[in-house]
Amino acid sequence: MRLSIVTALLVGSSLAAPHHEKGLSLNTLAQRRGKLWFGTAADIPHTAETTDTAYLDILKKQFGEMTPANALKFLFTEPEQNKFNFSDGDYFMDLARHTGKSVRCHNLVWATQVSDFVTTGNWTAETLIPVMRNHIFKTVKHFGDRCYSWDVVNEAFNSDGSFSSSIWYDTIGEEYVYLAFKFAQQALKEVHANKVKLYYNDYGIESPGPKVDAVLKLVKELRKRHIRIDGVGLEAHFMVGGTPSLADQVATQKAFIKADLDVAMTELDIRFAQEPFYTAEAQRQQAQDYYVSVSSCLLSGRRCVGVVVWDFYDKYSWVPYSFEGQGGATLFNDTLEAKPAYYAVADALMGKPCSVC
Ligand code: G3I
């Protein structure tokens, strides 16, 4: 397995990754501004991305972090009760190690992509809590300090700030969130990996509102119980022309930072509601939206630790599969050429006015 990763990386590509001053990558530009990395999600292994050498070449050159889009989710790591399969996760981790990248590990407890044995079981809180505990302990201990951070709980709130329905919430109640963080913290301690950061991750918390308030309340509650939470992941799945303003994004990030949290933009992409995706005007607006979003992390200061895009090639974006007719959301178009959005991100990272907006 390791050999195939190396082979894929050595084959390289004829397509040059775009460059800026002195050939600096987005990751280098971000690190020059005090960020830990500029990262991307990748859906590897078992996908076309896994062996696409042109794609892998850009992944290798431009990004300093990679987030597994699927490989670490419950469904894939524990397909049957207490039968763990970490081979996809290990493949992903090996690729990250070979290319010198950090990994945001995603995710431990979520409503979606949970194995059938969980969703179809006839559980009570007393029987489901040990299942969650076992999943968290085995998974966290297996990956140990190969993770920069874990998204411990993912997307637990509705837009009005109430807890959203899931097998976890419906069976255990809000206690499931506190327990998940407690178990993750305990598991890390057992493998001497306390430096791994514990995150809550969600969408719709990039501008002020009831959902942000709910996350802040959750953080308070965890701390009252002496349970560690280090950061909040702002997914940032935006629409072209509907991206939150710079002021709103900065205000929200600062509210989390004021609560003594790190923040990261964890899944940034900015999609079109409909075709055409590639006209000059469409591209200019998208570039402007990316410029604003990346600038917000720079303006919020050191504790916005970095930006991660939810993949960088329109061909591999999740968007068209989930929203029919929508797309064009990433930094590289459907023939893997850098879009104006790519250059807008570079401008933002260099602290320059946007040259393509
Ligand atoms: O594994 C099966 C495979 O066996 C089958 O052949 C194939 C056929 O469609 O489907 C595969 O499953 C897909 C899975 O990704 C793995 O590739 C599912 O259909 C597909 O729905 C699933 O989508 C993922 C989605 O989460 C699920 O909700 C996306 O790739 C992934 O990018 C997306 O990521 C989420 C974050 O985790 C949380 N925030 C939102 C973000 C975007 O939805």
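The values are calculated or read from the model by the stated rules, or taken from the named source; none is laboratory data. Bear in mind that the values here come from a model prediction, so they are computed numbers and not experimental data. Positions of Cβ are generated from backbone atoms using ideal geometry, with glycine treated the same way; all protein chains shown enter the neighbour counts. These area figures cover heavy atoms from the full protein model, side chains too; ligands, DNA and RNA do not enter into them. Shrake-Rupley method; radii C 1.70, N 1.55, O 1.52, S 1.80 Å.
Brief remarks on what is shown
- Test: residue in segment 309-322 that is in contact with a Leu (Cβ under 7 Å, 6 or more places away or on another chain) and farther than 16 Å from Ala41 by Cα: no
- Matching residues in segment 227-247 - criterion: being touching a residue at least 40 places away in the same chain (Cβ under 8 Å), open to solvent by 40 Å² or more (accessible area, probe 1.4 Å) and more than 16 Å from the ligand (Cβ to nearest atom): Arg228, Gly241, Ser245, Leu246
- Looking across segment 1-56, the residues that are more than 30 Å from Ser296 (Cβ to Cβ), in contact with a Leu (Cβ under 8 Å, 6 or more places away or on another chain) and modelled with pLDDT under 95 come down to Ile5, Ala8, Leu9, Ser13, Leu15.
- Applying a threshold of 8 Å to beta carbon distances and a minimum spacing of six or more residues, or different chains, the list of pairs starting in segment 153-169 at a residue that is within 17 Å of His106 (Cβ to Cβ) and ending at one that is within 15 Å of the ligand (Cβ to nearest atom) and of a type in the set (Asp, Glu) reads Asn154/Asp202; Glu155/Asp202; Ala156/Asp202.
- Condition check for Phe256: more than 16 Å from the ligand (Cβ to nearest atom) and either within 27 Å of Pro210 (Cβ to Cβ) or crowded, with 17+ Cβ neighbours inside 10 Å (or both): yes
- Number of the condition not met by Ser295 [criteria: (1) away from the ligand (no atom under 16 Å from the Cβ); (2) out of contact with any strand residue (DSSP E or B) (no Cβ under 8 Å at 6 or more places or on another chain); (3) closer than 20 Å to Leu59 by Cβ]: (3)
- Within segment 75-106, being in contact (Cβ under 8 Å) with a residue 24 or more places away in the chain, in a loop (DSSP other than H, G, I, E, B) and within 14 Å of the ligand (Cβ to nearest atom) holds for one residue alone: Pro79.
- Top-ranked residue in segment 96-118 [being open to solvent by less than 10 Å² (accessible area, probe 1.4 Å) and within 18 Å of the chain's Cα centre (by Cα); ranked as farthest from Asn154 (Cα to Cα)]: Ala96
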